[in-house]
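The values are calculated or read from the model by the stated rules, or taken from the named source; none is laboratory data. Only a predicted model underlies this, so the values are computations on that prediction, with no experimental measurement involved. Reconstructed Cβ throughout: ideal geometry from the backbone, glycine too, with neighbour counts over all protein chains shown.
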Amino acid sequence: MGYNTTKEQAEKHVGDKNYCTVLASSIFFNADYDETHKIYSENGRVNGKGLKTEDTKRLIKIMGKKHNIQTDYYYSYYNKKWTGKRYKKHYRFGNKAGDIFLTMSKKLTLHNFNDYLPTGNYIFGVHGHVLAVKNGTIEDWTEIRDKHRVIYEIWAEKYPEFIEDEEINYSSLC
């Protein structure tokens, strides 16, 4: 489900504003917007109000369980590393468990994310906005403008671990 179709569904909810998280989730999970809107409303989202990060994380987890898609959440921070002459900033996306998803020497933006992230499905949090990415393509109004916004949060679709060839029992496939 793409941005334009989902946006048309969203506009039927007269008086609702600040629904970017609902819209992005609907696109990311390939879910009907009305269904996504209902789930978000039943779990605390108020029409016309945006969501705090903790609420967004909780609701994306609920959507993931419903649609059997597991996501990993990473947030941006930077550390300074002494290079011998000066400190150099390293921007990282990590989680509370200490897992590092991405380390880079400059900020990740809507303009350069395809240079650093594998093509896939994501939900990005930028200042004051949330948007979906499907197969490396931004599904949002930011596709047209404002591509230099810095990405602060990433919800990445978690893919199952690959099975090594030796582990496959070919006799059961015949």
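Quick notes
- Lys12 closer than 21 Å to His127 by Cβ and either of a type in the set (D, E, K, R) or modelled with pLDDT of 95 or more (or both): no
- Residue within the stretch 76-90 that is over 15 Å from Asp140 (Cβ atoms) and modelled with pLDDT of 90 or more present: yes
- Search result, residues across the stretch 121-137 that are assigned to a loop (DSSP other than H, G, I, E, B) and surrounded by 13 or more Cβ atoms within 10 Å (Cβ to Cβ): Asn121, Gly136
- Within the span defined as the stretch 98-112, one or more residues are part of a loop (DSSP other than H, G, I, E, B), farther than 20 Å from Tyr122 by Cβ and in contact (Cβ under 8 Å) with a residue 12 or more places away in the chain.
- Test: residue in the stretch 29-39 that is touching a residue at least 40 places away in the same chain (Cβ under 8 Å) and either within 26 Å of Trp141 (Cα to Cα) or not small (Gly, Ala, Ser) (or both): yes
- Taking the listed residues Thr109, Thr103, the one that is closer than 24 Å to Tyr19 by Cα, not basic (Lys, Arg) and not assigned by TED's automatic domain parsing to the domain that holds Lys17 is Thr109, with no other qualifying.
- Lone unmet requirement of (1) closer than 23 Å to Ala156 by Cβ; (2) in a helix (DSSP H, G or I) for Lys7: (1)
- Residue within the stretch 138-146 that is at pLDDT 90 or above, within 13 Å of the chain's Cα centre (by Cα) and assigned to a strand (DSSP E or B) present: yes
- Applying the condition of being polar (S, T, N, Q) and within 24 Å of Asn30 (Cβ to Cβ) to the stretch 85-130 and asking which residue is nearest to the chain's Cα centre (by Cα) yields Asn121.
- Each residue in the stretch 22-76 was checked for being surrounded by fewer than 17 Cβ atoms within 10 Å (Cβ to Cβ), among the charged types (D, E, K, R) and not in a helix (DSSP H, G or I), and 4 pass.
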